[in-house]
Amino acid sequence: MSTNSDKNIFSLEGKTALVTGASRGLGQAIAVGLAQAGADVICCSSREGGVDETAVLIRALGRKAYTLAADLSKPEAVRSLVEQAYAKVNSIDVLVNNGGTIARHPAVDFPLDEWQQVIDVNLNSVFLLSQLIGKNMVENKQGKIINIASMLSFQGGITVPAYTASKHGVVGLTKALANEWAGSNVQVNAIAPGYFRTDNTQALQDNPERNQDIEKRIPAGQWGEPAQLVGAVTFLSAQASDYVNGHVLAVDGGWLAR
């Protein structure tokens, strides 16, 4: 670890990050925020061309942007994604596992195929990406992995049992990997966003009763905006967090405190 007091410990200059789910919402804000801190970014989404807009925003900042697509529910596609990433760059210093999906049904009617899809995307791909990229980080004795958890990593939610199970799993996986890799100078942490205005939460925003209930519960009194997640991601990606490991950082406007 550098002890140079003149160094900006929040700078990502010279680093390369890979961000899944970078086409819009939180993922796009994260990818652009990392570029603002100095990183080049490999932007990934589930469809070809999905991250083109994000790449334009990153290149406008003078940083390199690479675009890749993969179906995170398929292990072979995840492996191919990693191979393609390393064909473009020599190393990946920061991995942000943001890609995710959600399905809403009462538990008694929840289709098993949709359950499996959510678990595959939200949990299994997080493990596989962390395993494949983390192996190189461990060998290189440096790296940062940030998993995007949820308020439903702590709570049960309503009609989203698969999502809740997957996000509880993300927190457990974060701690397990931190335990194994901390000694190799690889920090594995998670961010649990509160209620942010994204496509994933559109159904809640559009439900007047649920929207009002949510805003009443948040001490800040309003939904978060994606850009408000950037500071936490930058911190956990940079030298500033070198002694932070296995932690789940809630960025929630005070939701969990109430």
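Any read-out appearing in this document is the output of simple, stated calculations on the displayed coordinates, not a laboratory observation. Keep in mind the model is a prediction, meaning the values are calculated, not measured. We place every Cβ from the backbone using ideal geometry, glycine too, and count neighbours over all the protein chains shown.
Computed values, structure above
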read-out: Listed residues A227, A22, A70, most fluctuating in the chain (Gaussian network, C-alpha, under 10 Å); value: A227
read-out: Spin-label pair E180/N90, simplified geometry with 7 Å Cα→Cβ offset, distance in nm; value: 2.8
read-out: Reachable lysines from K144, criterion Cα separation under 21 angstrom, eight or more residues apart if same chain; value: K7, K15, K64, K88, K135, K167, K175
read-out: Reachable aspartates and glutamates from K216, criterion Cα separation under 14 angstrom, eight or more residues apart if same chain; value: D252
read-out: The range 101-169: trypsin sites (Lys or Arg not before Pro) in DSSP coil with no more than 11 other Cβ atoms inside 10 Å; value: K141
read-out: Aspartates and glutamates with Cα under 16 Å of K74, excluding same-chain neighbours fewer than 8 positions away; value: E48, E83, D113, E114, D120
read-out: Shape box of the range 16-257 [Cα atoms, principal axes, largest first, Å]; value: 49, 37, 36
read-out: Added length on full extension, which subtracts the Cα-Cα distance from 0.36 nm per residue, L256 to N140; value: 38.1 nm
read-out: Inter-part distance where the range 50-105 and the range 197-215 are each reduced to a Cα centre, Å; value: 28
read-out: Karplus-derived HN-Hα couplings along the range 18-23 (A = 6.51, B = -1.76, C = 1.60, θ = phi - 60°), whole Hz, x at Gly and Pro; value: 10, 10, 8, x, 9, 7
